[in-house]
1. Looking at this structure, is VAL38 β-branched (Val, Ile, Thr) and either in contact with a helix residue (DSSP H, G or I) (Cβ under 6 Å, 6 or more places away or on another chain) or surrounded by 22 or more Cβ atoms within 10 Å (Cβ to Cβ) (or both)?
2. Can you find even one residue in segment 161-183 that is within 23 Å of ASP53 (Cβ to Cβ), in a strand (DSSP E or B) and not acidic (Asp, Glu)?
3. Return only the number of the condition from (1) part of a helix (DSSP H, G or I); (2) out of contact with any helix residue (DSSP H, G or I) (no Cβ under 8 Å at 6 or more places or on another chain) that ALA50 does not satisfy.
4. Does HIS147 satisfy the condition of being over 29 Å from GLY37 (Cα atoms), in contact (Cβ under 8 Å) with a residue 12 or more places away in the chain and either assigned to a loop (DSSP other than H, G, I, E, B) or not basic (Lys, Arg) (or both)?
5. Could you list, ordered by first residue, the pairs with Cβ atoms under 8 Å in which the first is in segment 121-135 and touching a residue at least 24 places away in the same chain (Cβ under 8 Å) and the second is surrounded by fewer than 17 Cβ atoms within 10 Å (Cβ to Cβ) and in a loop (DSSP other than H, G, I, E, B), at least 6 apart or interchain?
6. Right, GLN46: out of contact with any strand residue (DSSP E or B) (no Cβ under 8 Å at 6 or more places or on another chain), without any contact (Cβ under 8 Å) to a residue 24 or more places away in the chain, surrounded by fewer than 23 Cβ atoms within 10 Å (Cβ to Cβ) and of a type outside the set (Gly, Ala, Ser) or not?
7. Does GLU177 satisfy the condition of being over 22 Å from SER101 (Cα atoms), over 15 Å from the mean Cα position of the chain (by Cα) and not hydrophobic (A, V, I, L, M, F, W, C)?
Amino acid sequence: MVLRETVVRQEWWEVLRPPADLAHQCGLLVSEQQPEGVLKQPELRQLVQAIADQPDLWQPLVVEDESRRRYRLLYEDDRIDVWVLSWMPGQATGFHDHDHSEVALMCLQGTVMEKQMLLPSGVSKVEMPTGTIRSGGAGYIHAVNHHDGLPAVSLHAYSPPLIQVGQYVVNEEGILERQIQHGRRELMDHTIQI
């Protein structure tokens with residue numbers, strides 16, 4: 001089931017407060033992965049797979065919105081947060097890192113593209129069709145964008161919770177800068193041409 005919305009603005013409660021019944025069910029899966037402490041990449045990968053295997057947990061949070069990428073909080077506690085992101089054509093995050101948080105992301109529907117900078121020039125492009133899982137440690141720099149599906153849907157789990165991100169932009173002088181953003185703020189695509 002896809003919730004179709006024509007409203008551009010995302011309501012505050014969609015980002016800050018997960019649906020109680022879904023959060024409770026997801027919390028049981030989190031406890032199974034590791035009863036205490038932060039989760040590392042292997043546990044995060046197991047968690048996103050366990051959530052993916054229960055579509056009734058994530059499908060109610062899918063939003064089809066052509067005007068902007070939509071993201072909904074599924075679960076949070078003091079050691080993890082889990083998000084469902086809906087992607088339509090042209091929607092992308094731009095390059096960013098997750099500061100101190102480790103991450104696992106999984107494509108649940110359609111296909112998303114993950115990019116990483118290759119220095120001195122170039123970008124890797126990894127297609128992530130449904131069922132693909134990628135993960136990275138603290139400081140993992142990447143960009144994600146829609147590739148196929150209406151919408152494409154991905155699941156992202158961060159541990160510790162995503163408090164802030166580093167958004168990478170090129171300033172007027174052509175210098176790459178890392179700008180600190182709140183972890184719940186929508187990332188915009190400040191595309192870096194390399």
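1. Answer is no for this residue.
2. No, segment 161-183 contains no residue that is within 23 Å of ASP53 (Cβ to Cβ), in a strand (DSSP E or B) and not acidic (Asp, Glu).
3. (2)
4. yes
5. Close Cβ pairs satisfying both conditions: SER121/ILE194; GLY122/ILE194; VAL123/ILE194.
6. yes
7. Here the answer is no, as GLU177 does not meet what is asked.
Residues are listed down the side, and each one gets a yes or a no for (1) surrounded by fewer than 16 Cβ atoms within 10 Å (Cβ to Cβ); (2) over 21 Å from ARG68 (Cα atoms); (3) among the β-branched types (Val, Ile, Thr); (4) at pLDDT 90 or above:
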{"site": "GLY131", "(1), (2), (3), (4)": "yes, yes, no, yes"}
{"site": "GLY139", "(1), (2), (3), (4)": "yes, yes, no, no"}
{"site": "HIS147", "(1), (2), (3), (4)": "no, no, no, yes"}
{"site": "LEU150", "(1), (2), (3), (4)": "yes, no, no, yes"}
{"site": "TYR158", "(1), (2), (3), (4)": "no, yes, no, yes"}
{"site": "ASN171", "(1), (2), (3), (4)": "yes, yes, no, no"}
{"site": "ILE175", "(1), (2), (3), (4)": "yes, yes, yes, no"}
{"site": "ARG184", "(1), (2), (3), (4)": "no, no, no, no"}
{"site": "ILE192", "(1), (2), (3), (4)": "yes, no, yes, no"}
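The values are calculated or read from the model by the stated rules, or taken from the named source; none is laboratory data. It should be emphasised that the depicted structure is a prediction, and the values quoted were computed from it without experimental measurement. Counting neighbours? That spans all protein chains shown, and the Cβs are built from the backbone with ideal geometry, glycine included.
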